[in-house]
Amino acid sequence: MQNQENSLSLFLQEIKKYGSLTDKDAVKLVRRYQKSKNEDVLERIVLGHLGFVVSKAMKFKNRRLPVSDLISAGTRGIAKAVDKFDFKRDIKFSTYASYWVEMYMRREIIYNRSLVKITPRTWEMSVKISKLRKGGAADNEIVKRLNIRRRTLHSIRNLKNDISLNHTFDSDRGGGADYCNLIPDAKPSPSEMCAQKDFRNYIFESLQKLNEREKNILTNRFGLKGNRRMTLRQLSNKYKITPERIRQLIELSLHKLKTVLEKDSFGDIATD
């Protein structure tokens, strides 16, 4: 920390020799650069605004990022402002440059504060989602207000809360445990796998009690037995009937299947 402060002091002493540009002089140099694309002119503009950049960097210095990185980002912001400055607009160059300098610094902070690198746009969306959730907004409302997909909401809303899996926390029982040891296993247990397999087999057996067309329509519609799911339109083309008739047949077949399952269930109960 002391070394960083010493380096910054030396840097501040060094940039004094370049002096600051007045806004009038800056505009002249910007006009000259936009016509010639002379890198020496660009360097003079950047050096003439180093003090300005440093003052901006000091506002962000407590964001877990070295001031030197912020200054570097700020100089890129100056270069961008030089390239984009529009003389037709009645605005000071320093005012216009301030926007680009701060934006580049914020981008640098955003990109470097997370273990998982994300784009500034994604970060901004994550911040908006967090604010809406704190305001009591449900997922449906967030998706509607931000005009995003539900899948997008689930993928980015927790990106800010990254943490090392090797981070240790103290448990109530004493001692520490790594977070990686507390992550639940998403895979089903052996008993759950057996139950799922038994239920799947039970469904397939119950399908056999439907007629051939009903069984085939349900199998193709819901992608059972490894089949690819088919749309109503695809099924209507296959069976040469209207999509509406396919929909009716699916409802009738499901109702019949439900009756079969309920009958079997009540039969088991009666047997017990």
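Brief remarks on what is shown
- Restricted to the range 70-95, and to residues there that are within 16 Å of residue 109 (Cβ to Cβ) and touching a helix residue (DSSP H, G or I) at 6+ places or on another chain (Cβ under 6 Å), the residue that is surrounded by the most Cβ atoms within 10 Å (Cβ to Cβ) is 74.
- Among the conditions (1) of a type in the set (A, V, I, L, M); (2) out of contact with any Phe, Trp or Tyr (no Cβ under 8 Å at 6 or more places or on another chain); (3) modelled with pLDDT of 90 or more, residue 115 misses just one, which is (3).
- Meets criteria (buried (at least 16 other Cβ atoms within 10 Å of the Cβ), among the charged types (D, E, K, R) and modelled with pLDDT under 90) for residue 106: yes
- Annotation: of all residues in the range 200-230 being in contact (Cβ under 8 Å) with a residue 40 or more places away in the chain and in a loop (DSSP other than H, G, I, E, B), the one that is surrounded by the most Cβ atoms within 10 Å (Cβ to Cβ) is 210.
- Put simply, of 52, 93 the only residue that is under 17 Å from residue 15 (Cα atoms) and out of contact with any His (no Cβ under 7 Å at 6 or more places or on another chain) is 52.
- Any hit, the range 13-27, residues being over 16 Å from residue 95 (Cβ atoms), at pLDDT below 90, among the basic types (Lys, Arg) and not in a helix (DSSP H, G or I): no
The values are calculated or read from the model by the stated rules, or taken from the named source; none is laboratory data. Keep in mind the model is a prediction, meaning the values are calculated, not measured. Counting neighbours? That spans all protein chains shown, and the Cβs are built from the backbone with ideal geometry, glycine included.
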